[in-house]
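Below is one structure; the comments refer to it alone.
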Amino acid sequence: MLAKNFSGFVFETGTDEAGRGCLAGPVTAAAIILPTDFEHEILNDSKQLSEKTRFFLKPILEEHAVCFAVTHLFPDEIDEINILNASMKGMQECILKLNQVPEFIIVDGNRSLNAKLGLKNSVGKQFSKTEIELLKSIPNQSIIKGDAKFLSIAAASVLAKTYRDEYMDQIHEEFPMYNWKKNKGYPTKEHRDAIRKYGPTKYHRMSFRLLPDQLEFDF
């Protein structure tokens, strides 16, 4: 059974992201505050759950959450600020979207949620001074493999994964030759073979090495 709380605060938020290692599509972040008495016997790190189980849990989490938020950061922003900064910025944006200001934040990984606040990017959301000060004011703790240790981070991982998968299913209809409905943008052989044959799309991350032998693409 995953732990319900790290800090002892009632409004503790868990946050996580999905899609960091993909070649196409957004990196998707989620944040969620669960009631202090919430528990679910099958909730776990989304990577340990089947797709069917993740989508079974999604409406349960949405119904029972005190509040939650999900954010997509798209390839143009990823290419500008890099994937690590985009992943962190997505989680920061989710915190700002919550209709309850968290008393404490726990984040999956080894990087403080306050890292790289207020990046000067030309695309995507620009944080105001007030938003930056709010994010700085909330204590937070990064927890390695936190999605397998705490309910709220596991819940955030499920929401991030399911919302991202739904988005990839949608853009699959526009570019079915890449089979994003199946590979979700990850660097499978099938996906890379399609990139080699058809070239990259507007949904590909051009700062990534799309092909192992990539030199350049001719447009």
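The values are calculated or read from the model by the stated rules, or taken from the named source; none is laboratory data. Because the structure is predicted, anything quoted here is derived from the model rather than measured. We place every Cβ from the backbone using ideal geometry, glycine too, and count neighbours over all the protein chains shown. Protein only, heavy atoms only, side chains kept; ligands, DNA and RNA dropped before computing areas. Shrake-Rupley method; radii C 1.70, N 1.55, O 1.52, S 1.80 Å.
Numbers below:
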| read-out | value |
| --- | --- |
| With Cα atoms, 0 to 90° folded angle of helix 51-64 axis to the chain main axis | 40 degrees |
| Global geometry of the stretch 60-109, whether rounded, prolate or oblate, following the gyration tensor of its Cα atoms and the 1.5 cut on a/c | prolate |
| Aspartates and glutamates whose Cα lies under 14 Å from that of Lys97, excluding same-chain neighbours fewer than 8 positions away | Glu131 |
| Alpha-carbon Debye profile of the stretch 1-46, log10 I(q)/I(0) at 0.20, 0.26 Å⁻¹ | -0.77, -1.03 |
| Cα shape, the stretch 116-191, gyration tensor, a/c 1.5 rule | oblate |
| Rounded Å value of the spacing that divides the Cα centres of the stretch 64-120 and the stretch 131-171 | 8 Å |
| Cβ-placed point charges (K, R +1; D, E -1), dipole of the stretch 78-117 about Cα centre in debye, nearest 20 | 80 debye |
| Degrees between helix 151-172 axis and first principal axis of the chain (Cα, 0 to 90, nearest 10) | 30 degrees |
| Over the stretch 151-219 - Rg/Rh using Cα atoms and the Kirkwood inverse-distance radius | 1.05 |
| Helix 83-97 axis, angle to the chain major axis (alpha carbon atoms, nearest 10°) | 40 degrees |
| Average Cα contact separation per residue, the chain, under 8 Å, 6 or more apart, as relative contact order % | 32 percent |
| The chain: most fluctuating residue of His204, His40, His191 per GNM, C-alpha cutoff 10 Å | His40 |
| Lys/Arg +1, Asp/Glu -1 at C-beta; the chain dipole; positive extreme among Tyr167, Cys67, Ala115 | Ala115 |
| Heavy-atom surface of the chain, accessible at 1.4 Å and reported per residue (Å²) | 48 Å² |
| Estimated 222 nm signal from helices in the chain, with DSSP H stretches of n ≥ 4 weighted -39500 (n - 2.57), rounded to 500 | -11500 deg cm²/dmol |
| Loop-located GluC sites (Glu not before Pro) in the stretch 85-181, at most 13 other Cβ atoms within 10 Å (DSSP) | Glu173, Glu174 |
| Gyration tensor (alpha-carbon) shape descriptor, the stretch 1-109, a/c threshold 1.5 | oblate |
| Greater than 27 Å apart at Cα, pairs in Lys52/Lys145; Lys145/Lys202; Lys120/Lys197 | Lys145/Lys202; Lys120/Lys197 |
| DSSP beta bridges in the chain [antiparallel fraction, %, rounded to 5] | 60 percent |
| Whole-number Å³ per residue for the convex hull built on Cα positions in the chain | 121 Å³ |
